[in-house]
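J.: Right, I'll just put the structure down here and ask away after.
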Amino acid sequence: MLMPTTRYGTAQAPRARLKQVIDLAHQALLALQAEDGHWCFEFEADCTIPAEYILMMHYMDERDAELQAKLAVYLRRHQADHGGWSLYYGGRFDMSASVKAYYALKMAGDSPDAPHMRRARAAILAHGGAERSNVFTRITLALFGQVPWRAVPFIPVEILLFPRWFPMHIYKVASWSRTVMVPLFILCSLKARAKNPLNIGIAELFSTPPEAIKDYFSCARKGVVARVFLAFDRLGRGIEPFLPGVLRRLAIRRAEAWFIERLNGVHGVNGIFPAMVNAHEALALLGYPADHPYRLQTKEALRRLVVERSEEAYCQPCVSPVWDTCWALRALLEVEAQPSAAALGAMRWLLERQITDAPGDWRESRPQLRGGGWAFQYENPYYPDLDDTAAVAWTLLLAGRVEDRPALERAADWLVGMQSRNGGFGAYDVDNTRYYLNEIPFADHKALLDPPTADVSGRVLAFLAALGRPQDRPAIQRLVRYLLAEQEPNGSWFGRWGTNYIYGTWSVLTALGELRDPSLQPVMERAADWLRAVQQDDGGWGESNDSYAEPGLAGQGQPATAAHTAWACLALMAAGDRNSDALRRGIAWLQEHQGSDGQWHDPWFNAPGFPRVFYITYHGYKLYFPLWALSRYQKLHAHA
């Protein structure tokens, strides 16, 4: 008797086709593993970072002509049809990204009369001119003498001398904010001036001459708190000339000691580009010679962020080896019946990077708590983060090795100790929720803080629920209450660290699934219904970063991607879906869109660094999440 025919041949072919897709992706993932067991995929942001790298080379007069030429090729290639540059692929014109990219290209030798430069200049002027740039861009322009210092907020280094009870203190803002701000305080207080050896300026980008602009903060006056902070800003400028010199010298020494303690060798301050570049420039301003070990470290740390190819180059905002290795390992554990040598190598590599007794900023709020976390980068002992820690510990727990238990217990202790009062978890800090600080003139990006979020909290819940320790039950109960309160009216959850509501919903549903609590099923089903409702006609899922500014676009706004489709399928399966039409169509989409190299490819950005301000594409998301989703589906139907 003949088997019925399908698009893949006989009725048995769909299962064979699924295995073929999984095997191809599995081999592709293994081929990208480093010899020591880890993975590190490219971590690409918008053109702001490569532009700032060129600006930094001219600020320091440390120009590398070959690298500069390659960075310029990258910037030209990413100029959008609107004439400027966007914060993510397919995004709208962004003033600050466009001003920096134009300035960098002019420094790299592009003539202002070149067609692409004329287009960029026209777009910038059409949107109000460079005076409409954000605070960080105006600080850069002040360093290069393109705007007066009154165009930037008053951020005196004396802030380092404020007592802990003071409304503004460095340990009341997020870890990324303080590591960027402390060296920046020095640059701004001393009104540093870029070397700018070619004396290149961008006066042509201003609709009004910079010196003639009376008020650079007119757009910031929204709300009583913001107006109060602007008043204090003006007061501070007025009294600055009367501050005792000895006070400034003391504050500079304290700021210098603070960021030097956190230089982190060739891995850089907090492992992030903005903090690294500020530290590199501050060291030069403070008189450290070019051959000083600190200067050599910061220069090398910045150079290691560069991805260089034969014709072009770009600079990453940081690197993501721990995060990538964790999720790649998670996919392997789903595929392999027993952990392979590759999986064991990844486990070993991760375990070696647990941060236990190192000093860290988190100890400011939890001085008696034992360490036990993981950082995002190769090394960043001052800044382990809760998301990496929960994800790594959860993945290692799933491997089921008895010898890993002490590391997992320590991770769980640290995570529970870092729970915020509302039951949720931030990325790096506890109760980092002084929202009034987002109204200071410096914080026009509204990302000065690190409050609890649903996606990080979901990851912590997934690990603690799977670990199943009796002593964690009170923390879990508070955490579940927090997550239930955070559910959106449409059934989804917001994604702070991945785009956006699809990512957040996946993060929470996978966690709730670990609890195996029937009373939560209605909550989970509401979320699953939302996912089914936003599925696209072709069977995939996709969500634009526009949804951060327009919540009405939640789960929508761009073509389907492999990452979004994988997250949606994993979330549906966590909610108990085994064979719905939506799930089958999602799995079929992943199979149909795999490339011949075993990977999935698309140009879309899949995460925010800071919503509305800075976005990223994790290139690894396009491989290990689809592999995990397909393998999970295969397991569910292995005996069907």
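J.: Look at Ile260 and say whether it is touching a residue at least 40 places away in the same chain (Cβ under 8 Å) and among the hydrophobic types (A, V, I, L, M, F, W, C). First the steps, then the outcome.
T.: Numbers: touching a residue at least 40 places away in the same chain (Cβ under 8 Å): no; among the hydrophobic types (A, V, I, L, M, F, W, C): yes.
For Ile260, the condition - touching a residue at least 40 places away in the same chain (Cβ under 8 Å) and among the hydrophobic types (A, V, I, L, M, F, W, C) - is not met.
J.: Select, from Arg295, Arg254, the only residue that is assigned to a helix (DSSP H, G or I), touching a residue at least 40 places away in the same chain (Cβ under 8 Å), of a type in the set (Lys, Arg) and within 14 Å of Pro183 (Cα to Cα).
T.: Answer to the check: Arg254.
J.: Then there is this: Suppose we filter Ser218, Ser207 for residues that are within 23 Å of Leu141 (Cα to Cα), among the small types (Gly, Ala, Ser) and modelled with pLDDT under 95; which single one remains?
T.: One residue alone meets the criteria, Ser218.
J.: Can you report the number of residues in region 555-568 which are in contact with a Lys or Arg (Cβ under 8 Å, 6 or more places away or on another chain) and hydrophobic (A, V, I, L, M, F, W, C)?
T.: Of the residues in that region, 2 qualify.
J.: Where in region 561-640 are there helices (runs of 4 or more DSSP H), lying fully within it, with 1 or more residues that are charged (D, E, K, R)?
T.: 581-592, 621-636
J.: From Ala226, Ala231, grab the single residue that is small (Gly, Ala, Ser), open to solvent by less than 20 Å² (accessible area, probe 1.4 Å) and at pLDDT below 95. Outline the logic, then answer.
T.: Numbers: Ala231 fails: open to solvent by less than 20 Å² (accessible area, probe 1.4 Å).
The conditions single out Ala226.
J.: Output the number of the condition that Asp602 fails; it satisfies all remaining conditions of (1) in contact (Cβ under 8 Å) with a residue 60 or more places away in the chain; (2) within 21 Å of the chain's Cα centre (by Cα); (3) more than 28 Å from Ser177 (Cβ to Cβ).
T.: Going through the list (1) in contact (Cβ under 8 Å) with a residue 60 or more places away in the chain; (2) within 21 Å of the chain's Cα centre (by Cα); (3) more than 28 Å from Ser177 (Cβ to Cβ), Asp602 breaks only (1).
J.: Output the residues belonging to region 487-520 that are open to solvent by 10 Å² or more (accessible area, probe 1.4 Å), in a helix (DSSP H, G or I) and under 27 Å from Tyr88 (Cα atoms).
T.: Across region 487-520, the qualifying residue is only Tyr501.
J.: Let me ask something additional. For region 37-85, give me each residue that is closer than 29 Å to Trp497 by Cα, of a type in the set (D, E, K, R) and part of a loop (DSSP other than H, G, I, E, B).
T.: Listed by number, the residues that qualify are Glu42, Asp46, Asp81.
J.: Same structure again: Kindly indicate whether any position in region 86-106 is outside any helix (DSSP H, G or I), free of Cβ contacts under 8 Å to residues at least 60 places away in the same chain and surrounded by 22 or more Cβ atoms within 10 Å (Cβ to Cβ).
T.: Yes, region 86-106 contains a residue that is outside any helix (DSSP H, G or I), free of Cβ contacts under 8 Å to residues at least 60 places away in the same chain and surrounded by 22 or more Cβ atoms within 10 Å (Cβ to Cβ).
J.: Could you tell me whether any residue of region 432-455 is touching a Pro at 6+ places or on another chain (Cβ under 7 Å), modelled with pLDDT of 95 or more and open to solvent by 30 Å² or more (accessible area, probe 1.4 Å)?
T.: Checking region 432-455: at least one residue is touching a Pro at 6+ places or on another chain (Cβ under 7 Å), modelled with pLDDT of 95 or more and open to solvent by 30 Å² or more (accessible area, probe 1.4 Å).
J.: Here's a follow-up. Step by step: first the residues of region 531-551, then only those that are of a type outside the set (A, V, I, L, M) and part of a helix (DSSP H, G or I), then the one that is surrounded by the most Cβ atoms within 10 Å (Cβ to Cβ). Which residue is that?
T.: Selected residue: Asn545.
J.: What are the residue pairs meeting all of these: first residue in region 324-351, first residue without any contact (Cβ under 8 Å) to a residue 40 or more places away in the chain, second residue part of a helix (DSSP H, G or I) and among the small types (Gly, Ala, Ser), Cβ atoms under 6 Å, and 6 or more apart or on different chains?
T.: As it stands, the answer is none, since no pair meets every condition given.
J.: If you check every pair at least six apart or on different chains, which have Cβ atoms under 7 Å apart with a residue in region 201-218 that is of a type in the set (S, T, N, Q) first and a residue that is part of a helix (DSSP H, G or I) and surrounded by 10 or more Cβ atoms within 10 Å (Cβ to Cβ) second?
T.: What qualifies is Ser207/Leu125; Ser207/Glu131; Thr208/Glu131.
J.: Check Thr48 against each of (1) modelled with pLDDT of 95 or more; (2) surrounded by fewer than 21 Cβ atoms within 10 Å (Cβ to Cβ) and name the one condition it does not meet.
T.: Of (1) modelled with pLDDT of 95 or more; (2) surrounded by fewer than 21 Cβ atoms within 10 Å (Cβ to Cβ), only one is false for Thr48: (2).
The values are calculated or read from the model by the stated rules, or taken from the named source; none is laboratory data. Because the structure is predicted, anything quoted here is derived from the model rather than measured. Reconstructed Cβ throughout: ideal geometry from the backbone, glycine too, with neighbour counts over all protein chains shown. Ligands, DNA and RNA are stripped out before the accessible areas are found, and what is left, the full protein with its side chains, is counted by its heavy atoms. Shrake-Rupley method; radii C 1.70, N 1.55, O 1.52, S 1.80 Å.
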